[in-house]
Amino acid sequence: MRPCRVSHRGPFLALSLLAVIAAGPEDVHAQDPQTKGKEEPKLGWSNTSDLSLVVTGGNSESQTLGFSDKLRYQWKEARVEFKVNVVRANKSDDRFFLVAPGLEFPVGGAPSNPTTSLIKPEPELDAANYLIGGDYERKISPSWFWNTGLSWYRNDDAGILNRYIAFAGIGNTWADNPRRRFVTSYGISYTDREEEEPDPEKDRRFAGARAGWDYTEHFNEATTFDSDLGTNLNFADPSDYSFNTLNALTVSVNSRVSLKVSLQWLFENEPALESDLDVVAYVELVNPDGIPSSGDERYRTLSSGSTKLVLGSADARKDKLDTVIRTALVIKF
């Protein structure tokens, strides 16, 4: 399963609908947490896990697993955080009839009324997306901090086998209260990447710039909106940049369990190469004089249908943007 492509309106309608349902008729400002004043962060360990699983059977067999985990240790003036994000999808190929083995028939012909059996292939890995990272952040002042971290990323569909990024920088805390948290960060990075196909137009290793934001808004006691953005840019080739943004709406069921819907965009301005793509022509036979085998027969290309010819192969770049929409059960402890 490739990350689903959707219309631009669909994700925003889904997020808006969940927000309306969660808020209900009550006035969200009646419970404005900001009126309670600033609270000290909870010290020690905390953990949040998201799990989504979709399994289909019968005419369509597939399994899609989504898992993410955020483990944090908080000190009064610092914190360390570890993140894991995994999406795996298995899908079965189309069913087909298999002719019984041992039959013989003329070359260019076909067996007459052969015995067949219906084959339903088992699901196999169709898409895999992994992100593992960690960072350390320490306050310099109430509104400034410095941070450093490391991440590993893999996206089979995008042609990225391994991408390691080490970074360090500073950041601003623009708001940090029980209702709202908004911080921005900026710094330098070093990237080492391995793609499915070697690309002579791109650097495998490069120094670059990194920037991002982390935004949380509590609409009321039960409904929270989160937005994270991370970008990475190659100093030597500014057109070689990428970003990963995740927007999520979470509705609490109780103090430990929540439901979440999220929209993720993964963008590569210079995507990985995809090689050996078939060059296909759909053709019909044209015979100007109407005499078979006279030597003037030609093929005429069509937009679809008729006879399919594979004329060779060529390379192309992957799509720049992948879109992932997920619903998940969130467990806090």
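Of note:
- Residues in region 277-322 that are among the small types (G, A, S) and not in a loop (DSSP other than H, G, I, E, B): A281, G312, S313, A314, A316.
- Among residues of region 244-276, those that are outside any loop (DSSP other than H, G, I, E, B) and open to solvent by less than 60 Å² (accessible area, probe 1.4 Å), counted: 22
- Residue check, D135 of a type in the set (D, E) and closer than 26 Å to V87 by Cβ: yes
- Residue check, T148 open to solvent by less than 50 Å² (accessible area, probe 1.4 Å), under 20 Å from R210 (Cα atoms), assigned to a strand (DSSP E or B) and modelled with pLDDT of 95 or more: no
- Subset of region 277-318 [of a type in the set (S, T, Y) and open to solvent by less than 60 Å² (accessible area, probe 1.4 Å)]: S294
- Near pairs, Cβ below 6 angstrom, 6+ apart or cross-chain, from region 291-317 (under 29 Å from G159 (Cα atoms)) to any residue that is of a type in the set (G, A, S): L309/A281; L311/A281; D315/S275
- Consider region 108-145 and keep the residues that are of a type in the set (F, W, Y) and in contact with a Ser or Thr (Cβ under 8 Å, 6 or more places away or on another chain). The one that is least open to solvent (accessible area, probe 1.4 Å) is F145.
- Looking only at residues in region 67-105 that are at pLDDT 90 or above and charged (D, E, K, R), the one that is most open to solvent (accessible area, probe 1.4 Å) is K76.
- Tally, over region 182-239, of residues that are open to solvent by less than 50 Å² (accessible area, probe 1.4 Å), more than 23 Å from E137 (Cα to Cα) and within 19 Å of the chain's Cα centre (by Cα): 2
- Residue within region 263-277 that is free of Cβ contacts under 8 Å to residues at least 40 places away in the same chain and either in contact with a Ser or Thr (Cβ under 7 Å, 6 or more places away or on another chain) or more than 30 Å from P200 (Cβ to Cβ) (or both) present: yes
- Checking each residue in region 151-177 for being under 22 Å from E77 (Cβ atoms) and either among the aromatic types (F, W, Y) or open to solvent by less than 30 Å² (accessible area, probe 1.4 Å) (or both) picks out F167, G169, G171, N172, W174, A175.
The values are calculated or read from the model by the stated rules, or taken from the named source; none is laboratory data. Predicted model only: the values in this text are computed from it and were never measured. Using ideal geometry, Cβ is built from the backbone for each residue, glycine included, and neighbour counts are taken over all protein chains shown. For accessibility, only protein heavy atoms count, side chains too; no ligands or nucleic acids. Shrake-Rupley method; radii C 1.70, N 1.55, O 1.52, S 1.80 Å.
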